[in-house]
Every structure is written in C-alpha cells, then in structure tokens.
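Below is one structure, written out as structure tokens; comments come after it.
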Amino acid sequence: MFVGHPLADLARPSISREAYAEANTLDPAKTWITLMPGSRVKEVSMNLPTMLEAAAMLGPVHEFLLPVAPTLGQSFLET
C-alpha cells in the first residue's frame, strides 16, 4: 500500500526561480501556468482552443507555457 504523493519525495529545484526565468525567457514576477492540451493531433485540436480562451480570460498577469509533445509533427505546429 502506498500513502502519499510520488512528487513529495523529489529533490527541491537546484536553480532559483529567477535563474530559471532568465534561462527560459520568462517573467519571474508572473504566475506561470502550463497548458497541456495533449500529445495527439486530434486531442490538441479539440482541447487547445478552449484552453486558449480560458488563458485569455485570465489575462496578462499570468504567463502561459505550452510544451509541445514530440508526437506532434512540425507541419501541425506550423498551422
């Protein structure tokens, strides 16, 4: 039986928020929100528009990150 959360035992980050922000061109003063619409073309096509609408409602006080799954081809990204 497992009690707890598997991420609770991970080591703390070895880089400061400010250093991470600088290395990744992020604003350390803003809240970072990652949008994760999926890894397949169909699910991204279905989920991302709604996620972008929600992001727009939250406004510019947040910074949004959109990691891209390697399963999405370059042609999909260019559309």
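When region 18-29 is filtered for residues that are within 17 Å of the chain's Cα centre (by Cα), surrounded by 12 or more Cβ atoms within 10 Å (Cβ to Cβ) and either more than 14 Å from Leu65 (Cβ to Cβ) or of a type in the set (S, T, N, Q) (or both), only Glu22 remains. For Leu10, the stated conditions do not hold, so it cannot be described as of a type in the set (A, V, I, L, M) and either touching a helix residue (DSSP H, G or I) at 6+ places or on another chain (Cβ under 9 Å) or surrounded by 10 or more Cβ atoms within 10 Å (Cβ to Cβ) (or both). On the stretch given as region 32-56, residues that are at negative phi and in contact with a helix residue (DSSP H, G or I) (Cβ under 9 Å, 6 or more places away or on another chain) total 8. Scanning region 30-60 for residues that are basic (Lys, Arg) and open to solvent by 70 Å² or more (accessible area, probe 1.4 Å), we see that the one that is farthest from Gly73 (Cα to Cα) is Lys42. On inspection, Glu63 passes the criterion of being surrounded by 10 or more Cβ atoms within 10 Å (Cβ to Cβ), of a type in the set (Asp, Glu) and touching a residue at least 24 places away in the same chain (Cβ under 8 Å).
The values are calculated or read from the model by the stated rules, or taken from the named source; none is laboratory data. Because the structure is predicted, anything quoted here is derived from the model rather than measured. Don't worry about glycine lacking a Cβ; one is built from the backbone with ideal geometry, like all the others, and counts go over all protein chains shown. All accessible areas refer to the heavy atoms of the entire protein, side chains included, with ligands and DNA or RNA removed. Shrake-Rupley method; radii C 1.70, N 1.55, O 1.52, S 1.80 Å.
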